[in-house]
Amino acid sequence: MTGRIEEIEVFVRVVEYGSFSATAEKLNLSPSGVSKLIQRLENRLGVQLFYRNSRQLRPTEEGELLYRQGRGAIETLDNAESSVSVRHSHSGILRINTMLTFAKYQLAKVMPEFCERFPGLQIEFVLGAMPIDMLKQGIDLAIHSGAMPDSTLVARPLASSKWILCAAPAYLEKHGVPQSPDDLRQHNCLHFAMATPWNLWKFQGDEQVAREARGKIGADQGDMLLQLALEGMGIVRLAEFHISNELFSGRLVPVLEDFADQRDEPLYMLYRARKNLSPRVEVLIQFLQEKFGGVPPWKTGLAELRGLDKEHLRRQTINVRHSSA
């Protein structure tokens, strides 16, 4: 029985880590030992579990089925152990997928406290602008905004953030301040170098309008666009959680505020729908709600800048969360 459990656990980790060598390193095994365990499991079941070539290793249809069932079995064992040990209930690896900017400017600030509270947990960040396949990548929890692509996931509102048009004072002094959305045609609009709704800049006025961002420079990461804006290269549209410090310090200045789209975009926590979450995922969800679920930190400084009181901001945040639930 022990051998069967070991085979299933190694198989599950190979799917999650994407290679025999990575799995061997994580489990303190040799790559050949991992390969032998997988071969033994395939021989016992009489099926091929992976498609293999020199550059890729991915599960077959039978492998996908075994992964779903096997991961659930391992989590059941983990939960059984956790029920008799508080210490072990908060141990293991948490894999988090989110945007680089949210991880860098928000999550990194609170990770020291989280790791101090739960020293038995290991954190692995998988960063990217768009959500990824959580099952194939072994992601425990993702944080993203906008339309959620997979309806099989639980999407739980966490916070919200506005998109803000802004530029460095030096750029505006040299090129002038746009007075209407139409004026953006005369400016260098820093944009995302990929197909994304983030390049559609929305405005409100007599009627809601949108302008596609066009300019000489694009990038596939918001952090590069931020740095370009700080260097005086153009006008940019980025999220509050990303640029709140630059706005508060005056290094960036909002533009077209009278036309700005006032709607907040919700940020969601995404996780696989299960009746019983693992304890490590539960404590992460609770911690994130504690840190970001009320008035998120990126809004407090901007509230002071705009002369808004915290109670007004709290009511606004609650309304956004309720409307997106």
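The values are calculated or read from the model by the stated rules, or taken from the named source; none is laboratory data. Keep in mind that this is a model prediction, so the values were computed, not measured. Note that each Cβ is placed from the backbone with ideal geometry, even for glycine, and that neighbours are counted across all protein chains shown. The protein model used for the area step is the full one, side chains on, heavy atoms only, and it has no ligands, DNA or RNA in it. Shrake-Rupley method; radii C 1.70, N 1.55, O 1.52, S 1.80 Å.
Things worth noting here:
- Looking only at residues of the stretch 73-87 that are more than 19 Å from Ile285 (Cβ to Cβ) and in a helix (DSSP H, G or I), we find that the one that is modelled with the highest pLDDT is Ala73.
- In the stretch 240-255, the residues that are in a helix (DSSP H, G or I) and closer than 22 Å to Leu184 by Cβ: Glu240, His242, Ile243, Glu246, Leu247
- Within the stretch 220-238, restricting attention to residues that are of a type in the set (A, V, I, L, M) and open to solvent by 10 Å² or more (accessible area, probe 1.4 Å), the residue that is farthest from Gln186 (Cα to Cα) is Met224.
- Exactly one residue out of Leu107, Leu141, Leu100 is modelled with pLDDT of 90 or more and open to solvent by 40 Å² or more (accessible area, probe 1.4 Å), and it is Leu100.
- Listed by first and then second residue, the pairs linking a residue in the stretch 12-23 that is assigned to a loop (DSSP other than H, G, I, E, B) and modelled with pLDDT under 90 to a residue that is surrounded by fewer than 23 Cβ atoms within 10 Å (Cβ to Cβ) and among the aromatic types (Phe, Trp, Tyr), with Cβ atoms under 9 Å apart and 6 or more places separating them unless they lie on different chains, form an empty list.
- Residues of the stretch 1-45 satisfying the condition of being among the hydrophobic types (A, V, I, L, M, F, W, C) and within 22 Å of Val126 (Cα to Cα): Val10, Phe11, Val12, Val14, Val15, Phe20, Ala22, Ala24, Leu27
- Candidate set from the stretch 195-219 (those that are open to solvent by 60 Å² or more (accessible area, probe 1.4 Å) and of a type in the set (A, V, I, L, M)); member that is modelled with the lowest pLDDT: Ala195
- Qualifying positions in the stretch 46-66 - assigned to a loop (DSSP other than H, G, I, E, B) and more than 13 Å from Ser19 (Cβ to Cβ): Gly46, Val47, Gln48, Leu49, Thr60
Here is a yes/no grid of residues against (1) farther than 20 Å from Arg280 by Cβ; (2) outside any strand (DSSP E or B):
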{"residue": "Ile93", "(1), (2)": "no, no"}
{"residue": "Ile96", "(1), (2)": "no, no"}
{"residue": "Thr101", "(1), (2)": "yes, yes"}
{"residue": "Ala108", "(1), (2)": "no, yes"}
{"residue": "Glu116", "(1), (2)": "no, yes"}
{"residue": "Ile123", "(1), (2)": "no, no"}
{"residue": "Ala129", "(1), (2)": "yes, yes"}
